[in-house]
Structures are given as C-alpha cells and as structure tokens.
Amino acid sequence: MDANRDIKLPILPTTVIGSYPRPRWLRKTIKLYRQGRIGEKDLNEAFNDAVTSVVREQEIVGIDIPSDGEMRRDEMVEYFAERIEGFKFYGPVRVWGNNFFNKPAVVGEIKRTKSITVDEFLYLNEVTTRDVVKFTITGPYTIADWSYNEYYRDKIELASKIASIINQEVRELQDNGAKFIQIDEPALTTHPEEVEWAVDIVNEVTKGVHIKLGLHVCYSDYITLSKYFDRLKYDQLALEFANRGFRDLDILKKLNDIEIGLGVIDVHNRSVEEESRVERAIEKAMKYVRPEKIYINPDCGLKLLPREIARRKLQVMVSATRRLRGVLAKKGYSYIVL
Amino acid sequence: MKTIRAIQFGPMPRPRVLAKIYRREPADVVIESSSDTLLKNIGKVIKKYIDLMNKYGFHRFSDGAYWSDDILTPIARGIDNISINGLVRFYDNNFFYRQPVVEGKIKSKTPSGRVVANLVSRILKSADIDLSKNIDKISITVPGPFTFYYRSLISTSYYSNPYSFAKDYMYNVLLREIEYMEKQNFRWIDIHEPELAKRSLDIEENKAINLLKDFISVLNKEINIFIIMYFDLNLKILEALSRHIEENNVYIHIDPISKPEALYYRKRKQLKVTNLSIGVFDSRNTKLEKYIDISRKLRSVLNRVTADNEIYLSHNAPLEFLPEVIAYRKLRIISRYTDKLNLRLKNRE
Ligand SMILES: [Zn+2]
C-alpha cells in the first residue's frame, strides 16, 4: 500500500506461498538436536544457513519475492501455539495415513509474552538481495480450528483472542520493516456455517496495518469464499488453482480491487508442469483480472516435494511468466508497484 | 431402573510405534499379503487395548481398527468396480481419507481375504488374548451405505441415487461381512453413518430407513446391528428409526455434543428407539468432562430421546481425533461415570 509506493516489480511478479523443502542436511541436524547430540546454538546456525540457501535458491531461479521457506517451522499451527502462552500439547493426532500433527490444546488464557517471529523476519530480510520478501503468519481462525478449546466459552471467543495476538505480531513486523505479509487460513471454509464470523476474525488481523497483506486459503470451497470477497480487508488473495485443474477461475471476477496470487503449480504432484500449461492458465486468469492485479505463485507451500522437484517447478513457473511478460510489454504493461 | 452400560466404538488413536511399522509395511495391505511380523505387531497393540477395555468394564468395544488408515479404504479395496482416489477431508475434521471412486455396479471381490471381518479375525488370532472370552464383545467397524455413497466419487451412471447404491452395498458387501462374522462368532457390527446424522441431509428419511429395515429383517438375529451416527444430530432420521425399526438386535447411537442445538430443533415430543447409545463424552475435545455436566447433558438428552430396552453411554464420535493419552483418560471417565450412575440408580430403588 502507501508505504510501499517506492517498490517497483515486474508485471506478474513471481513469488511463493511460504514453505520450501528442508535441505537434507538440515533434517539430519534437527534429528541430532532432538537426540540431544547437538545444542540449540548449532541448531540455530543450521536454520540460518538453511534460510540463506533456500532464499538464494529462489532468487537464482528468478523468484521476485522469496520467502524463508519456513525452515524453522515443523508445522504451521504447532509453531505458533508453542510460542503463545496458554497452549499445551498432549501428543500427536493423525491427519492422514501415518502423518501426525501435534494438535495443541488451549488450557488457559492465551497471551503473547514476546514476539513470535520478528527475529525470523529480520534474518530473512537481511539475507535476501530482493527489495521485498513475503513473510507468512498462520491465521487466527486456522489456529483456533486446529486446536482443542478447553478454556474459552466458544470458538469465536478463542479465535478473536488469537486474532488480537496475530494482529500485534503483524504490527510489530510492520514496525520492523516488513512490506508484505501473508496470513495463512487453510481452514477458513471448513465449517460453512462459521465463515460468516470467521471473516470478521481474519479482518481483525488487518487493524492498524498499512503494508501489503495477503490472505492464503487453499484446498477449500472457493464458491463459499467468493461470497465474502467484498468483505475481506486484504490487498491480495493467494489461491490454489492448479490442483483443481483451473476450474472455478471465474470467481476471480468478484475480486474487485483485490489482487490475486494465482496458484499455477500443483504442490502435491511430483511431475513437473509443462510451461505451456502454466502460460495458458495465466492467460485464462487474465480474462477475469487485469494483469497488474496478478501475482504468480504455486498453489501452496512446497515443503512436501523433493527439493530438486520444487526448484524445477519454480523454474517452469518463472519462465512461463517471463514469456507472458514479453507479450504484455508490447501492450504497454511492464512494471507495477508493490 | 435397568443397568446403563459403557461402550466404545470406532478406530482408536494410532500409537506412534505402529505408525513406524506401517511406514515399512503399509496397513492397507494387511488384507492378504501381510507378514506374520506385521500381524504380531498389531496384535501387541490390540492386546494392550483390549486388556484395558476389560479392566475398565466396557460392555462391548471395537477392535480399535488399528489396521486401517480410515474406515472406508479397507472395505473399498474388497469391492469390484471401486478404485481409490486422493485424499479428501473427512467431514469438518482436519483428518483426511482416501476417496473411493465408484466406477460401476459394486460387488465383493471373490477371495474371502478381502473381507474386513476376516482381517480383524486374523489380527485378533495373532494377539495374545483369550478370544473365547472376548469375541462376543468385539465389534467390526464398517462404513454405512449412505456414508460410503456420499464420501465417494460416483463416476458411473449406474447409480443415479443413493438408494440403489445402498441396496447393492448392503446385500453385496455388508451381507458378506456379516456371514463371515457369524462363522467366526462375532456378535457386533458397527455401521458408521455420520452421513445420516447431518441435518442438511439429501436423503429421504423414510426411504433410507425402510431399506435398512428390509436388510436387517433378512439377517441372523444373533448379530447385533449398531447404527452409529455422529458429527451432527438429525431428529427426522431418529424419528424414522423409532417408527420403523423395532428389532431387539438393533442399536442406535447419537451424538448430542457436536451440534448441541440440534437436540432442541423441531419436535417437542419424546422419541423412543429400541436400544440407544448416547455419546455424551466429547471425542473431539481434550477437556475431561465433569460428572455434574455429564449428568445435566444426559438428562436433557433423555427428555428428547429414550429407549425401550438398553441404554448405553459412550463418546460421541470415534476416539481417533484425540491424542492417545487423552482417549484412554476419556474411556476411564466413561467407565467410572457409568459405575457411579448405576450405583445411584440402584440406591434410589
Ligand atoms: Zn496452502
């Protein structure tokens, strides 16, 4: 927004959703740490080095707005719950197959006693060579939905408490120089009867925030979500479309002034997309949205892919985008401001 | 007043040790080709669980369904003209199952190894437990016809509505399970039907219940049919059940916890089924219930729904949505509360 007027980006800026595969050596280092064979200092150094290398990797591939790959986060809700007072972990619950998640329980009043992610952001901001990075924060509704509520009267009360904590966090990031923050809300449409108030909860996060704010909602019911587009106080919506074969793109008509972060890469499929397919998808989206309102990204975080495949998928995404930029340049579209 | 009994149903949380084993040898191939080591390892987990269920005094319980990633996949693999698709959210939980794709008329695949009851029986035999003392308490977990239909992708024009599918599923698939169960002396089949609990049901209640009724009428009365509805509460279905199904071997489970307001919707008059199981303990929250709150809840449920014969107490939905340690604490509370309640009822007489 206003604070970002001086940041110029090529038309159709390329970015990521957030997570990136952890380097193999980092996974080994984490294991050593858990076994008590190395200390916290070594682990932190490894995290920093991993961020440096995955940021650089994104930059080499040609991503305009990189992230830190969420190298330090095992899981998006767990990470925040561990750093907010009032949460407790009883043990893992299964999400599918043999994949577990440490689902937190709210057992007392939740409080933000210190900043949760500011150091993480500062490190990312220091190592990037780009003018702007994307920094991701898990949204209040998803944290509430993926927790057991033992303490608050109901889910609305819990979610609004979390919203105020996330809002404090975002404002502190803003004060520390963040220019583009994305709130991740994959759970937003899980309970259709709750979306009505959930939208107000996610809007709470935007209070007093002047930098660019994105909202990422994936593997969700976009028809339901689109009914609330005009109530969302976000600058950008990052949505997944490759996974659904680019169906539902017509909902983009309802976006009005909100930008779209267009998901063009399937993150659950190891086969690398054809460049032409990505190009066609972006062209199709341009039927509904003006090009200066479109950012290009994968569907979701890349962390479940092998690192080499993640890199190659980003490469395809960047080169398809660059081809289209050539076409757009002839029509007078070259740059946008963040 | 008669004795109220504590019961358990559905999959238990998978212990990490079992997940580790399954990563080497997946659970969903347990069907025919599984090694003895795998069966033994599952057997160890089951023994620990069944010993506890007996210690807590549960009247009946599932085998824990430790062999399945979700309740749909194992039975789906045993059906012709069904393939398995990608992961899909299971109702409104942060839990995903593999979606069956129905590609044509369904019928059981021929080898008996593909029957869920056979799988359970093989695992139980490899566990170090006295089967003669337990087999009549252990239930077989299967998805109900309507839940199967609505959780699947129907990619054939052969089934244009849930009723024709339900009929084939009951007579071609469930019946085979039940026949196998009889041979092995099992007494309980748990038919999971969260779909029937939905208030936004697409199904015509009487039509659905009549199909169930016809099916039940052809079954051996020695087998107890447990129709388990959860995640919501549909009073219209309950009413249809109370009107059409009077068999003594049919048990109805309701979940008055997930959407508490559903209990007060519509009709004022009290509904009565033959046997009722009330899920007053919350399997989707770690908070341990206080007796006083449970008593209040139970009273309000019994004002709306009651039973001619048995009344059971249970958790509202499967316990696999809880961390393992909490699931066991809940089971202990269910058993203690039931004992306390029975003592109070007895003293009042
Ligand atoms: Zn996502």
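The values are calculated or read from the model by the stated rules, or taken from the named source; none is laboratory data. Just so you know, these numbers come straight off a predicted model, no measurement behind them. Don't worry about glycine lacking a Cβ; one is built from the backbone with ideal geometry, like all the others, and counts go over all protein chains shown. All accessible areas refer to the heavy atoms of the entire protein, side chains included, with ligands and DNA or RNA removed. Shrake-Rupley method; radii C 1.70, N 1.55, O 1.52, S 1.80 Å.
Odds and ends about this structure:
- Signed unit charges on C-beta, dipole axis of the protein assembly as shown, positive-most listed residue A:Ala238, A:Asn203, B:Phe96: B:Phe96
- Solvent-accessible area of A:Trp25, all protein chains in place: 110 Å² (probe radius 1.4 Å, heavy atoms, ligands and nucleic acids excluded).
- Here is the P(r) of segment A:8-337: all C-alpha pair distances, binned every 10 Å from 0, give 6, 26, 36, 25, 7, 1 in whole percents.
- Estimated vicinal HN-Hα couplings, Hz - segment B:48-62 in sequence order (Karplus 6.51, -1.76, 1.60; Gly, Pro = x): 4, 5, 5, 4, 5, 4, 5, 4, 6, x, 6, 5, 7, 6, 6
- Size of charge dipole - chain B - debye, nearest 20, with Cβ of Lys, Arg +1 and Asp, Glu -1, no other charges: 1220 debye
- Size descriptors for segment B:225-349 (Cα atoms only): Rg and Dmax, in that order, 14.4, 40 Å.
- Solvent-accessible area of B:Ser164 with every protein chain in place, 1.4 Å probe, in Å² to the nearest 10: 40 Å²
- Rolling a 1.4 Å probe across the protein heavy atoms gives segment A:219-301 an accessible surface of 43 Å² per residue.
- Pairs from B:Lys236/B:Lys297; A:Lys179/A:Lys313; A:Lys134/A:Lys293; B:Lys133/B:Lys330 whose Cα-Cα separation, in the structure shown, is over 19 Å: B:Lys236/B:Lys297; A:Lys179/A:Lys313; B:Lys133/B:Lys330
- Potential extension, B:Arg89-B:Asp214 segment - 0.36 nm per residue separation minus Cα distance: 41.8 nm
- For a label point 7 Å along the Cα-to-beta-carbon line of A:Leu304, residues of segment A:263-298 with backbone N under 20 Å: A:263-274, A:297-298
- Protein accessible surface hidden between A and B, which excludes ligands and nucleic acids, total in Å², probe 1.4 Å: 2100 Å²
- Computed from phi, the 3J(HN,Hα) profile of segment A:27-43 under the Karplus parametrisation 6.51, -1.76, 1.60 (θ = phi - 60°) reads 4, 5, 5, 4, 4, 4, 4, 5, 7, x, 8, 9, x, 5, 4, 5, 4 Hz, with x in place of Gly and Pro.
- Annotation: per residue accessible area for segment A:51-134 equals 37 Å², rounded to a whole number [probe 1.4 Å, protein chains only].
- Projecting label points 7 angstrom from Cα along Cα→Cβ for B:Glu182 and A:Lys28 puts them 6.1 nm apart.
- Protein-protein interface of segment B:85-105, residues with accessible area decrease of at least 20 Å², isolated chain reference, 1.4 Å probe: B:Leu87, B:Arg89, B:Asp92, B:Asn94, B:Phe95, B:Phe96
- 3J(HN,Hα) couplings calculated from phi for segment B:68-77 with the Karplus curve 6.51 cos²θ - 1.76 cosθ + 1.60 (θ = phi - 60°) are, in sequence order, 10, 6, 7, 6, 8, 4, x, 6, 4, 5 Hz; Gly and Pro show x.
- What a 1.4 Å probe finds exposed on the protein assembly as shown is 46% carbon and sulfur by accessible area, rounded to a whole percent.
- A Förster radius of 51 Å, combined with the Cβ-Cβ distance separating A:Arg231 from A:Glu45, puts the computed FRET efficiency at roughly 0.70.
- Among A:Val118, A:Pro306, A:Tyr33 - extreme Cα towards positive end, dipole of segment A:8-337, charges at beta-carbon: A:Pro306
- Projecting the Cα atoms of B:Pro11, A:Val316, B:Leu153 onto the charge dipole of the protein assembly as shown, computed from C-beta unit charges around the Cα centre, puts B:Pro11 farthest toward the positive end.
- Among A:Lys233, A:Lys313, A:Lys287, residue whose mean-square fluctuation peaks in a GNM of chain A (springs only between Cα atoms under 10 Å): A:Lys287
- Cα centroids of segment A:171-245 and segment B:36-109: 36 Å apart.
- Å² per residue, accessible surface of chain B at 1.4 Å: 39 Å²
- Per residue of peptide A:95-107, the mean number of Cβ atoms on other chains within 10 Å of the residue Cβ is 5.
- Residue separation of A:Ile38 and A:Asp74 scaled by 0.36 nm, minus their Cα-Cα distance, works out to 11.1 nm of gained length.
- Residues whose placed amide H lies under 5 Å from that of A:Glu75, excluding near-sequence neighbours: none
- Comparing B:Lys40, B:Lys236, B:Lys290 in a Gaussian network model of chain B where C-alpha atoms under 10 Å apart are linked, the largest mean-square fluctuation is found at B:Lys290.
- Springs join every pair of Cα atoms under 10 Å in this Gaussian network model of chain B, and among B:Pro13, B:Pro26, B:Pro143 the largest mean-square fluctuation is at B:Pro26.
- DSSP bridge orientation in segment A:8-337 - percent antiparallel, rounded to nearest 5: 25 percent
- Under 17 Å of direct C-alpha separation, and excluding same-chain neighbours fewer than eight residues apart, A:Lys233 reaches these aspartates and glutamates: A:Asp2, A:Asp184, A:Glu185, A:Glu196, A:Asp200, A:Glu204, A:Asp257, A:Glu259.
- Computed magnitude of the charge dipole of segment A:137-236 (debye, nearest 20; Cβ of K, R +1, Cβ of D, E -1): 340 debye
- Charges were assigned to the Cβ only: +1 to each Lys and Arg, -1 to each Asp and Glu. The resulting dipole of the protein assembly as shown about its Cα centre is roughly 1160 debye.
- Mean ellipticity per residue at 222 nm, deg cm²/dmol - from DSSP H runs of n ≥ 4 across chain B, formula -39500 (n - 2.57): -12000 deg cm²/dmol
- Cβ crowding within 10 Å averaged over residues, with A:214-223, A:133-142, B:256-265 ranked highest first: A:133-142, A:214-223, B:256-265
- Residues listed by number, segment B:67-83, amide nitrogen under 17 Å from B:Thr156 label point at 7 Å toward C-beta: B:75-83
- Ratio of the Cα radius of gyration of the protein assembly as shown to 2.2 N^0.38 Å, where N counts its residues: 1.02
- DSSP bridge analysis restricted to the protein assembly as shown gives an antiparallel fraction near 25%, rounded to the nearest 5.
- Across chain B, Cα-Cα pairs more than 26 Å apart make up 47 percent of the total.
- Cα centroid of segment A:286-338 to Cα centroid of segment B:246-261, whole Å: 52 Å
- A cut-off of 5 Å between modelled amide H atoms, ignoring neighbours fewer than 5 places along the same chain, links A:Tyr295 with A:Ile260, A:Gly261, A:Leu262.
- Centroid-to-centroid, using Cα positions, segment A:120-137 and segment B:152-189 are 55 Å apart.
- In chain A, the calculated helix contribution to ellipticity at 222 nm averages -12000 deg cm²/dmol per residue, counting -39,500 (n - 2.57) for every DSSP H run with n ≥ 4.
- Amide H contacts under 5 Å for B:Phe96: A:Trp96, B:Phe90, restricted to partners 5 or more places along the chain or on a different chain, H placed in the peptide plane at 1.01 Å from N.
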